[in-house]
1. What distance in nm lies between label points placed 7 Å from Cα along the C-beta direction at E96 and E84?
2. Which order do peptides 97-106, 1-10 fall in by mean Cβ count within 10 Å, highest first?
3. Can you give me the pair-distance distribution of segment 5-157, C-alpha pairs, 5 Å bins, whole percents?
4. Using the count of nearby Cβ atoms within 10 Å as a rough guide to exposure, how do C62, C42, C55 rank from fewest to most?
5. Taking a cut-off of 21 Å between Cα atoms, list the lysines near K36, but don't count ones fewer than 8 places away on the same chain.
6. Pop the C-beta distance of T107 and A63 into the FRET formula with R0 = 45 Å and round what comes out to the nearest 0.05.
7. Nearest 20 debye, what's the magnitude of the dipole of the chain about its Cα centre given +1 on Lys and Arg Cβ and -1 on Asp and Glu Cβ?
8. Tell me the GluC sites (Glu not before Pro) within segment 114-145 that lie in a loop according to DSSP and have at most 15 other beta-carbon atoms within 10 Å.
Amino acid sequence: MFNNTELNRQYNRISKLIEKTKQFEPDDELRSHLTKYICVLCSGFIENSVYHAFCDIADRSCAPSVVLTYSKAQLYKIQNANAEKIRDLTKSFNPEWHDGIRNYLQTDNRGSAINYILKDRHNIAHGRDSEITIGKLEEYLKKTVEVIVYLETKMDETSA
């Protein structure tokens, strides 16, 4: 599915956990806790996906150099990769990519899906209530995957 084997591994792990979690009764407390755990995994998956997608673009765009080393170091620091940060990062790589990613994130509420995962992860991590359900999380992850695939394919098409 993804160009990066680590992202495939993480995605497959999350998908299997979602399927196992769906086997519990909807009102089961354990289902709720597993959903929150999966939400945290999804948040990390988003950050790793952004890192890998843009590192791959940097790898193909410039030979090993100080600039490449610096780019990867800066990408490694990205946290809470919400839709706005993804747009800004895309624009910093190539201003011409901004409108495409902005429109793609707005279509079918893809950017909102990413933002909801991060918002819920933040609430969970800080001991606040989260109303995330496994169904909603699965829907948000699907839209997130669409964005990651877009970053891996569409951004790369114009970087050559």
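Computed from the coordinates by the stated procedures, all read-outs in this text should not be read as laboratory data. Note that the coordinates shown come from a computational prediction; the quantities given were computed from them, not determined experimentally. Positions of Cβ are backbone-derived with ideal geometry, glycine not excepted, and every protein chain shown enters the neighbour counts.
1. 2.8
2. Final packing ranking: 97-106, 1-10.
3. 2, 9, 19, 20, 19, 13, 9, 5, 3, 1, 0
4. The fewest-first ordering by Cβ neighbours comes to C62, C55, C42.
5. Answer for K36, where 21 Å is the Cα cut-off: K16, K20, K22, K119, K136, K142, K143, listed by chain and number.
6. Between T107 and A63 the formula returns 0.80.
7. Numbers: 22 positive and 23 negative charges, 57 e Å.
It comes to approximately 280 debye.
8. On the way: sites: E131, E138, E139; in loops: E131.
Those that pass, being in a loop and sparsely packed, are E131.
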